[in-house]
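Scroll down for the structure; my scribbles are underneath it.
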């Protein structure tokens, strides 16, 4: 297969093969949730006539090759083309010499002069408060990242992944300092019996906020739903996998993907935050109830310590169904 045929692959078909489907359609324009970052409303635009995409949350766009580069992530044209070919189940191509030089995009790194500091900036503390996130919880897992972007200096909360990159968030921006990857947080020297799975790091931080015992299990933060299938080998070692994914069609499909691979060990907890898109949205809406529940739980644990140690694996974050129901009411 030559490069021109890969270039003619419809972006909508490429996204569909990856499990991403449009939320709405207006003529030749399709709107998606971003396939490589978390967004609350669809901000990824695809013009099927021009075969061009644009992510309004990131302020950037391009063709199918630049999209593949965001998903991998990589600026290497050969890797982008091979990823498209693998995804579309097309014959693998070999690109050599002048053909590569002609087609490769000369793209500069998106972020420059990255500086990683302890979390502490007042504006970031305010943003955490808006997300109902205690500073001490966020500071345990996150950093403060300063960076240059399009010749301007910015700062954000940085959540490290296992490849050395950072998921970056502030009140006005969501992105990733490459390389992109998952974040696996093991609670001890050896894997525990159970693992919690989250799509984004704010959901993970929300889980620890709702119940500190969440940190006593292993935790996997995907940082993008595209890493779900690649994570099943890691999750096979656990007796129970607690899924705290988004409460939408994409999240339901992701849970089903896990169940198809791992069977009955997967426990879907989206009903625990029914009526909310994700766990963080639930926390924001129920912050006072969660705080009151934590005080009650601490008092009960002092009286009924032995009973509290008998964990019900189906109760997920809360460990006890009575506590869970009080929290959700």
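The values are calculated or read from the model by the stated rules, or taken from the named source; none is laboratory data. Since the structure is predicted, the reported quantities are computational estimates derived from the model, not experimental observations. Ideal geometry is used to build each Cβ from the backbone, glycine not excepted, and the neighbour counts take in all protein chains shown.
Within the stretch 178-202, the set of residues being closer than 17 Å to residue 36 by Cα and surrounded by fewer than 24 Cβ atoms within 10 Å (Cβ to Cβ) comprises 178, 179, 180, 181, 182, 183. Being outside any helix (DSSP H, G or I) and modelled with pLDDT under 85: is that true of residue 19 here? For residue 19, the condition - outside any helix (DSSP H, G or I) and modelled with pLDDT under 85 - is not met. Within the stretch 182-198, residues that are on the phi < 0 side of the Ramachandran plot have Cβ atoms under 6 Å from residues that are crowded, with 16+ Cβ neighbours inside 10 Å and at pLDDT below 90 in these pairs: 182/227, counting only partners at least 6 apart in sequence or on another chain. Of all residues in the stretch 140-153, those satisfying the criterion of being surrounded by 14 or more Cβ atoms within 10 Å (Cβ to Cβ), in contact with a helix residue (DSSP H, G or I) (Cβ under 9 Å, 6 or more places away or on another chain) and not in a loop (DSSP other than H, G, I, E, B) are 141, 144. A count restricted to the stretch 188-216 and to residues that are in a helix (DSSP H, G or I) and out of contact with any strand residue (DSSP E or B) (no Cβ under 9 Å at 6 or more places or on another chain) stands at 5.
Give me the residue from the stretch 165-177 that is part of a loop (DSSP other than H, G, I, E, B) and modelled with pLDDT of 85 or more and, out of that set, farthest from residue 73 (Cα to Cα). Can you show your working first?
First pass over the stretch 165-177, keeping only residues part of a loop (DSSP other than H, G, I, E, B): 165, 171-172.
Remaining after also requiring modelled with pLDDT of 85 or more: 165, 171.
Values: 165: 11, 171: 24 Å.
Taking the candidates together, the pick is 171.
Looking at residue 83, is it under 28 Å from residue 162 (Cα atoms) and under 19 Å from the mean Cα position of the chain (by Cα)? No: the conditions fail for residue 83.
Let's see how each residue does on (1) surrounded by fewer than 19 Cβ atoms within 10 Å (Cβ to Cβ); (2) not in a helix (DSSP H, G or I):
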| site | (1), (2) |
| --- | --- |
| 232 | yes, no |
| 238 | no, yes |
| 247 | no, yes |
| 260 | yes, no |
| 271 | yes, no |
| 277 | yes, yes |
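Within the stretch 59-71, the set of residues being in contact with a strand residue (DSSP E or B) (Cβ under 7 Å, 6 or more places away or on another chain) and within 15 Å of residue 224 (Cα to Cα) comprises 67 only.
Taking into account only those residues within the stretch 75-116 that are at positive phi and not in a helix (DSSP H, G or I), which is modelled with the lowest pLDDT? Here the residue is 89.
Would you be able to tell me the number of residues in the stretch 118-139 that are part of a loop (DSSP other than H, G, I, E, B) and without any contact (Cβ under 8 Å) to a residue 60 or more places away in the chain? Please lay out each step first, then the result.
First, pick out the residues of the stretch 118-139 that are part of a loop (DSSP other than H, G, I, E, B): 119-121, 131-134.
From what's left, without any contact (Cβ under 8 Å) to a residue 60 or more places away in the chain: 119-121.
Here the count works out to 3.
Give me the residue from the stretch 217-230 that is within 21 Å of residue 177 (Cβ to Cβ) and in a helix (DSSP H, G or I) and, out of that set, modelled with the lowest pLDDT. My answer is 226.
Yes/no matrix, rows are residues, columns are (1) free of Cβ contacts under 8 Å to residues at least 24 places away in the same chain; (2) surrounded by 15 or more Cβ atoms within 10 Å (Cβ to Cβ); (3) closer than 29 Å to residue 252 by Cβ:
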position: 6; (1), (2), (3): no, yes, no
position: 13; (1), (2), (3): no, no, yes
position: 16; (1), (2), (3): yes, no, yes
position: 40; (1), (2), (3): no, no, yes
position: 43; (1), (2), (3): yes, yes, yes
position: 58; (1), (2), (3): no, yes, yes
position: 64; (1), (2), (3): no, yes, yes
position: 70; (1), (2), (3): no, yes, yes
